[in-house]
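Student: The structure's right below; bear with me while I get my questions together.
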Amino acid sequence: MNTVGLVAFALVGATKAIREEFDVFGIAVVGLVTAFAGGATRDVLVDRVPLALRSFGEIGFGVLGVALAVGLNVAFDSADEHPIALLSDAVGLAAFATAGAIVATNVGLSGFGVVAIATINAVGGGAFADVLLDRSPFILFDDFYASCAVLGGTCYWLVTTFAGTPGAAAAVCAAVTVGSRAAAVTYGWSLPTAQTLDRRARG
Amino acid sequence: MNTVGLVAFALVGATKAIREEFDVFGIAVVGLVTAFAGGATRDVLVDRVPLALRSFGEIGFGVLGVALAVGLNVAFDSADEHPIALLSDAVGLAAFATAGAIVATNVGLSGFGVVAIATINAVGGGAFADVLLDRSPFILFDDFYASCAVLGGTCYWLVTTFAGTPGAAAAVCAAVTVGSRAAAVTYGWSLPTAQTLDRRARG
Amino acid sequence: MNTVGLVAFALVGATKAIREEFDVFGIAVVGLVTAFAGGATRDVLVDRVPLALRSFGEIGFGVLGVALAVGLNVAFDSADEHPIALLSDAVGLAAFATAGAIVATNVGLSGFGVVAIATINAVGGGAFADVLLDRSPFILFDDFYASCAVLGGTCYWLVTTFAGTPGAAAAVCAAVTVGSRAAAVTYGWSLPTAQTLDRRARG
């Protein structure tokens, strides 16, 4: 799952950079940041050296995603909106949220810490990439995307706290994240703004 | 003071996100980033796991600030410019600058490190929030705001270096920060730009 | 070389902030971020407290660069495009890429980690400054700049892995970085975008 996520995230990030006509260095940076910056931020926050800088293997999947984005750019107008890309992206979201929740629980963070790290691990790379592209992170105003990681991370914390095994917690977290993301894409979910809430409150 | 600051900073940040019509997830993120990212950056720079991820208590005050911002949005056009909000914000600025100076001194940083960490602790969250809102941090070109934390941090360093007790240093730092901020709001202080200095030099 | 780099980077960053009419606090922050944020990010990623916060000496060179930028602003329209500034900047790029490669090798990072940290050390400060100026980092779409650090870092890793002495690796890294940068400025090198590659592939 993690591997699928790395390739999918790098492809999505690199495709955004291609649209902005960044050069190949910029395309590679935005792709790799999308795939790895969430995990690197997690590692920095729990006070350890990012895994991606210590191993050679993981980076290969990121580079594959970047290369796919450049290659597919010729064939598809929006490679990152293809159903296979959307599905891979949802799998990556679930894998990264689960990895974040596991690391945060292992270092003894609070319930808030577990949910925060799961969410940062899952969506931090994409948010960082949006900042490099000089825009607000889309997760802050659009779609129902980061919320899936919040739900997954919350379930992980609930299961480990009240029901026990880390294995079960990881399975529930991954299933809730990918399931809610699939539902969000299928039914076009989005969260309300304060303006929407205001209008509803006024009837 | 720290509690007042967390609520005030979260309220100010969340109000900015409401103006940009972010969804409720985005409002919560920008509010919590404003309240906690300065302290988290401080902790990462001095090589420890951010306090906000380890305890449950602190986050509650941030969430309260976000909830207040959404609630007050109906009643006030600019909840973050209300005198009570401005005063609470100044108190938070002083509390965070002092907390930063104390941590930096305890880990043995240089005088520059103490002033830098005091300033980052006090204004880093707001600057990070501005980046998420896709704008330059307002502290870099507007108002006399970060400079109050610089003054407070400098006083903390001077007192601990030349006069002694950490308690006295903390009191002086907090008083100088909140006092200079109150004066800046009252008298409309701002710093010159290079262009202003240039015109003055040319007479 | 490191000293020349700190002054040159601070001058370049501060000059950008002056053009945006930031106030003197903003000018100082953008200048110091350009000079020190790359090294600070390196230190945070390898899990140690940033050197710039622990010593007083280094900051002095950054402050000198900021002061030069404000002073030269009167005399020159584009102090950061003067040949001396361009040369000093290339020297700084080489010094910072080499420092990053040495630190990354010493803490046992992978080959990718060495190249990534060399590049982040060399261009991370400028990229961070561009984000503060509310623009995409120029290294992602323009010029042949970060690529010089990538080349230098790659050579460092190759020499230490296959040929031996760290001293030789450092010399080769610095020479390759500054040499490729000088060539890039002289001959106007730039990297292709995906669009360019696409047109070439289609003949």
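The values are calculated or read from the model by the stated rules, or taken from the named source; none is laboratory data. None of these values were measured; they are calculated from a predicted model. Positions of Cβ are generated from backbone atoms using ideal geometry, with glycine treated the same way; all protein chains shown enter the neighbour counts. In case anyone asks, the SASA skips ligands and DNA or RNA and just uses the protein heavy atoms, side chains included. Shrake-Rupley method; radii C 1.70, N 1.55, O 1.52, S 1.80 Å.
Student: Let me know the shape class of the protein assembly as shown, please: from the alpha-carbon gyration tensor, a ≥ b ≥ c as square roots of the eigenvalues, rounded when a/c is under 1.5, otherwise prolate if a/b is greater than b/c, or oblate. The partial results should precede the final answer.
Tutor: On the way: a/c = 1.45, a/b = 1.00, b/c = 1.45.
Taking the square roots of the gyration eigenvalues as a ≥ b ≥ c, the protein assembly as shown is rounded.
Student: Determine how large the accessible area of A:THR165 is when every protein chain is in place; take a 1.4 Å probe and give Å² rounded to the nearest 10.
Tutor: Accessible area, nearest 10 Å²: 80 Å².
Student: Which value in Å is the Kirkwood Rh of region A:73-144 over different Cα pairs?
Tutor: Working: mean 1/r = 0.0732 Å⁻¹.
13.7 Å is the Kirkwood radius here.
Student: Keeping all protein chains in place, calculate the accessible area per residue for chain C (probe 1.4 angstrom), answer in Å². The partial results should precede the final answer.
Tutor: Working: 8000 Å² over 203 residues.
Result: 39 Å² of accessible area for each residue.
Student: Under a GNM of chain B (C-alpha, springs under 10 Å), which listed residue has the highest mean-square fluctuation: B:ILE59, B:ILE102, B:ILE120?
Tutor: In the Gaussian network model the winner is B:ILE59.
Student: On to the next question. Name the chymotrypsin sites (Phe, Trp or Tyr not before Pro) in region B:119-176 that are in a loop by DSSP and that have at most 15 other C-beta atoms within 10 Å, would you? Intermediate values should be presented prior to the final figure.
Tutor: Working: sites: B:PHE128, B:PHE138, B:PHE141, B:PHE144, B:TYR145, B:TYR156, B:TRP157, B:PHE162; in loops: B:PHE141, B:PHE144, B:TYR145.
Listed in order of number, the matching sites amount to none.
Student: Related question: Measuring label to label, 7 Å along Cα→Cβ, what does C:THR3 give against each other copy in nm, shortest first?
Tutor: Inter-copy label distances (nm, one decimal, shortest first): 5.3, 5.3.
Student: Determine ³J(HN,Hα), in whole Hz, for all residues of region B:4-11 in sequence, where each value follows from phi through the Karplus function 6.51 cos²θ - 1.76 cosθ + 1.60 and θ = phi - 60°; x replaces Gly and Pro.
Tutor: Along region B:4-11, the couplings run 4, x, 4, 5, 5, 5, 4, 5 Hz.
Student: Please average, across the residues of C:110-120, the number of beta carbons from any other chain that are within 10 Å of each residue's own beta carbon, and give a whole number. Working shown, then result.
Tutor: Details: counts 8, 2, 12, 8, 1, 2, 8, 1, 0, 2, 1.
The mean count of partner-chain Cβ atoms within 10 Å per residue comes to 4.
Student: Which of A:LEU64, A:LEU32, A:LEU11 ends up with the largest GNM mean-square fluctuation for chain A, with Cα atoms connected below 10 Å?
Tutor: A:LEU64
Student: Per residue of region B:90-105, what does 6.51 cos²θ - 1.76 cosθ + 1.60 with θ = phi - 60° give for ³J(HN,Hα)? Whole Hz please, x for Gly and Pro, Karplus curve as stated.
Tutor: 5, 5, x, 4, 5, 5, 6, 4, 5, 4, x, 5, 5, 4, 5, 5
Student: How big is chain B in terms of Cα radius of gyration and Dmax, in angstroms?
Tutor: Considering chain B through its Cα atoms, Rg and Dmax are 17.0, 57 Å.
Student: Carbon and sulfur atoms: what percent of the 1.4 Å accessible area of the protein assembly as shown do they account for? List each step's numbers first, then the result.
Tutor: Values: 16030 of 23990 Å².
Result for the protein assembly as shown: 67 percent of the exposed heavy-atom area is carbon or sulfur.
Student: Computed on protein heavy atoms with a 1.4 Å probe, what is the summed buried accessible area for the chain pair C and A, in Å² to the nearest 100?
Tutor: On the way: alone 10460 and 10490 Å², together 18430 Å².
Roughly 2500 Å².
Student: Between A:VAL178, A:VAL63, A:VAL46, find the one with the highest GNM mean-square fluctuation for chain A; connect C-alpha pairs within less than 10 Å.
Tutor: Among A:VAL178, A:VAL63, A:VAL46, the largest mean-square fluctuation in the Gaussian network model of chain A belongs to A:VAL46.
Student: Relative to the other copies, what are the label-point distances for B:ASP142, with labels 7 Å from Cα along the C-beta vector, expressed in nm at one decimal and sorted shortest first?
Tutor: Sorted ascending, the copy-to-copy spacings read 2.5, 2.5 nm.
Student: Take the eigenvalues of the Cα gyration tensor for region C:1-110, scale each by 5, and report the square roots as semi-axes in whole Å, largest first. Let's see the in-between values first.
Tutor: Values: eigenvalues 138, 45, 22 Å².
Listed largest to smallest, the semi-axes of region C:1-110 are 26, 15, 10 Å.
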